[in-house]
1. Checking the conditions here, which among ALA48, ALA59, ALA82, ALA78 is among the aliphatic types (A, V, I, L, M), more than 27 Å from THR109 (Cβ to Cβ) and either surrounded by 14 or more Cβ atoms within 10 Å (Cβ to Cβ) or more than 38 Å from the chain's Cα centre (by Cα) (or both)?
2. List, please: which pairs have Cβ atoms under 7 Å, are six or more places apart or on different chains, and start with a residue in the stretch 322-345 that is of a type in the set (Ser, Thr, Tyr) and end with one that is at pLDDT 95 or above and open to solvent by 10 Å² or more (accessible area, probe 1.4 Å)?
3. For the stretch 451-484, which residues satisfy the criterion of being under 28 Å from THR623 (Cβ atoms) and within 16 Å of ligand 2 (Cβ to nearest atom)?
4. Looking only at residues in the stretch 582-606 that are of a type in the set (D, E, K, R), within 17 Å of ASP555 (Cβ to Cβ) and in a loop (DSSP other than H, G, I, E, B), which one is farthest from ligand 3 (Cβ to nearest atom)?
5. Six or more apart or on different chains, Cβ atoms under 7 Å: show the pairs whose first residue is in the stretch 552-570 and within 14 Å of THR536 (Cβ to Cβ) and whose second is of a type in the set (Ser, Thr, Tyr) and within 15 Å of ligand 2 (Cβ to nearest atom).
Amino acid sequence: MDAYSPFCDLLTIATCWCILVLEFCSHVRKNRSFRIFNAIVFCLMLTACASIGYRTALARWRPEITVCVYVLRVLMHAFTFAMSALFAVYIGETARVSARRQAFIWKLTVSLWTLLVLFDILGTCFGFGFTIAENGTVHLGASAFSAGYLLFMLILVVLMIRVRRSLYRRVMIGFFITAFLGLMLNLIQRLKGESSYTVSTFIFPVLAMLYFMHSNPYDAWLGAINSESLNNLTRDYQQKNKKFGFFSLYMHTIEEEGTKIPEQIRPTLRNIAENAFRGSVLFQVSRGHLILIYPKHRNPDDGERIRRAADAIACVNGKNNLDYKIVVGESPEAGSEDIDYANYIRQIHLHMPENTLHTADRSDSEAYARYDYILKELSGIYTRHDPEDPRVVVYAQPVYNIRLGRFDTAEALMRLNLEKLGLVFPDEFIPVAEANGFIHVMTEILLHKVCVAIRELTEKGFQIDRISVNVATQELRAREFCADITRIIAGEGVSFDKIAIELTESEGNQDSQAETEKLTQLKKYGIKLYLDDFGTGYSNLERIMMLPFDIIKFDRSLVLASSTDTQSDTMVRSMATLFAELKFPVLFEGIENGEDEKRVKEMSASYLQGYKFARPVPIAQLTGYLQKTA
Ligand code: C2E
Ligand code: CA
Ligand code: CA
């Protein structure tokens, strides 16, 4: 028999407990692979226990405990193999192999396990395996342990090689090295006629799993953990039907400037993180955004606790001239959908003043549910990238040509038609689409539909000079922008000059050479360019003159301003005249009544657009406004 000391097995048991404690103290995602991992840790602990039991019983053998020795030995082997089988299942789960393959891994390892354990039991029963003679001499006989151990190792290695492409390389290397270290230790002890280390060698891959897959970095100073774990925790609370409260602190200067939380306010924050609520966990979801989650049942007096924490923040932030926004609230009713709390709170920030506390209520969660639904639909539209997507609906507002005295162009305006909400307007979804990078795909879909509409209108004999499409500034930055636009128009067989693109000037895109080149390129095809919303925000006259615009659209705010006082009226009038003299036709937007119309007509206007003339209508209804060719 090999030499044995229980020391390593005891250490293994202690390490397993250590791992369980660490798990408890962090907020890792309790998914399937986590449960398999826990089963492995338990198996390892049981193996170590059985190993100690078997060796000790064998060393102190008396005839009465022979059966006990047999049972403990079989258990030790059974747990070892069960653990190896779980390793295989774990690898399959982590590498996300198909359900069919995972079922195969299960079948293979369970069959192997059954064979090995049966062999062990039968060997002892029929005397060809491990037996103890009446005088106490041990006959090792034929044992399947070493063969089984090697077979399982082989399965694991083959599996790791098969899934290597679905695992990140460094993770793979980590697993291989730790497994290799375990194997080496095992070999060395074998050479020395020892067997104390066998069980403990399994700790190495378990540590690798804990570190790579189920660990959560804490911030050593605040104890804060990241936003991924925030969602894990709230999901966990929700699944267990436990109520929780949240306390969120946001500081925009820290967020935007990317600085560290200043030294002067740290002690206050740490104090709140540790003492303001019982059983709370702090999450730092971004640089300037901290969220505390606490169990409701341990903080029945949370109103008072919130007040104290908020007062402390108001005081220390006030002294240090740091703006803040505090949002507090509770977990939603049971059964409601998963909420991403960091995002939820971010949405609330948009509508709240600095240095205030807001208590999130039902209307906030409803608004967020609406936002979240729209976001998911937009994301769906983006990934589907279907030019016929029925959710993207095109409206068009006819534009009145003063010289001709009729409607000859129109502006395409996007709406969403969503199953749960019906028609959604651009002021609600365009910012979301822009912020998430979905806008260009939506423009492509809209442009496709506009081209189809132009073709159909023309086929029916209606005169339409062109339809303008709004393009967001960020779209211009994409390298493929021109190619996308021209491909869609050409694809529908529409003449390029039937399409115009409306752009707004913003401070960000003032001096980009590349963007100017793109616009010039579109112009070369014959696509027209409109400057949208002139008079709002940023307008650099010099740059506007440089750009190849065909029409300048005066925003409704200028129309309104011209009616308020003579000074504004003169200003708008002279700008319109200036453009007209420079041969830039001017289009006035937002003409709502006869007075507006009269005033701007005197300002060298060429086109008029507004409710006075026509409201936006589904694009097919443009027929009601257009002239038929003779
Ligand atoms: P915009 O480009 O300035 O579009 C004109 C907006 O003014 C339209 O609102 C239109 O319905 C509204 N309007 C028209 N006549 C009048 C009037 O007489 N009085 C007033 N008060 N308003 C009038 P809508 O359709 O809600 O669009 C809002 C904004 O959403 C648009 O402003 C545009 O910036 C954006 N948008 C619309 N469709 C698209 C699109 O396909 N792509 C992009 N990127 N943005 C779009
Ligand atoms: Ca526009
Ligand atoms: Ca406009």
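The values are calculated or read from the model by the stated rules, or taken from the named source; none is laboratory data. Fair warning: this is a prediction, and the values are worked out from it, not measured in the lab. Neighbour counts are summed over all protein chains in view; Cβ atoms, including those assigned to glycine, are modelled from backbone coordinates with ideal geometry. The accessibility values were calculated without ligands, DNA or RNA, using every heavy atom of the protein model including side chains. Shrake-Rupley method; radii C 1.70, N 1.55, O 1.52, S 1.80 Å.
1. Working: ALA48 fails: more than 27 Å from THR109 (Cβ to Cβ); ALA82 fails: more than 27 Å from THR109 (Cβ to Cβ); ALA78 fails: more than 27 Å from THR109 (Cβ to Cβ).
Among ALA48, ALA59, ALA82, ALA78, only ALA59 is among the aliphatic types (A, V, I, L, M), more than 27 Å from THR109 (Cβ to Cβ) and either surrounded by 14 or more Cβ atoms within 10 Å (Cβ to Cβ) or more than 38 Å from the chain's Cα centre (by Cα) (or both).
2. Once the first residue is of a type in the set (Ser, Thr, Tyr) and sits in the stretch 322-345, its partners that are at pLDDT 95 or above and open to solvent by 10 Å² or more (accessible area, probe 1.4 Å) give TYR324/TYR250; TYR324/ASN355.
3. In the first step, residues of the stretch 451-484 are kept if they are under 28 Å from THR623 (Cβ atoms); the result is 451-471.
The answer is ARG466, ILE467, SER468, VAL469, ASN470, VAL471.
4. Of all residues in the stretch 582-606, those of a type in the set (D, E, K, R) come to 583, 589, 592, 595-599, 601-602.
This time we only want the ones that are within 17 Å of ASP555 (Cβ to Cβ), so: 589, 592, 596-597, 599.
Next cut, in a loop (DSSP other than H, G, I, E, B) only: 589, 592.
Working: GLU589: 5, GLU592: 14 Å.
Taking the candidates together, the pick is GLU592.
5. Matching pairs, first to second residue: LYS553/TYR530; ASP555/THR536; SER557/THR536.
Residue by residue, here is whether (1) away from ligand 3 (no atom under 16 Å from the Cβ); (2) open to solvent by 10 Å² or more (accessible area, probe 1.4 Å); (3) of a type outside the set (A, V, I, L, M) holds:
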| position | (1), (2), (3) |
| --- | --- |
| SER468 | no, no, yes |
| ALA478 | yes, yes, no |
| ALA483 | yes, yes, no |
| SER506 | no, yes, yes |
| LEU522 | yes, no, no |
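Residues checked against (1) more than 16 Å from ligand 2 (Cβ to nearest atom); (2) part of a helix (DSSP H, G or I); (3) touching a residue at least 60 places away in the same chain (Cβ under 8 Å); (4) crowded, with 21+ Cβ neighbours inside 10 Å:
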position	(1), (2), (3), (4)
VAL394	no, no, yes, yes
ALA410	no, no, yes, yes
ILE430	no, yes, no, no
VAL441	yes, yes, yes, yes
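To keep it simple, each residue is scored yes or no on (1) outside any strand (DSSP E or B); (2) more than 14 Å from ligand 1 (Cβ to nearest atom); (3) among the polar types (S, T, N, Q); (4) in contact with a Ser or Thr (Cβ under 8 Å, 6 or more places away or on another chain).
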position: VAL452; (1), (2), (3), (4): yes, yes, no, no
position: THR458; (1), (2), (3), (4): yes, yes, yes, no
position: ILE464; (1), (2), (3), (4): yes, yes, no, yes
position: CYS482; (1), (2), (3), (4): yes, yes, no, no
position: ALA514; (1), (2), (3), (4): yes, yes, no, no
position: LEU519; (1), (2), (3), (4): yes, yes, no, no
position: GLU542; (1), (2), (3), (4): yes, yes, no, no
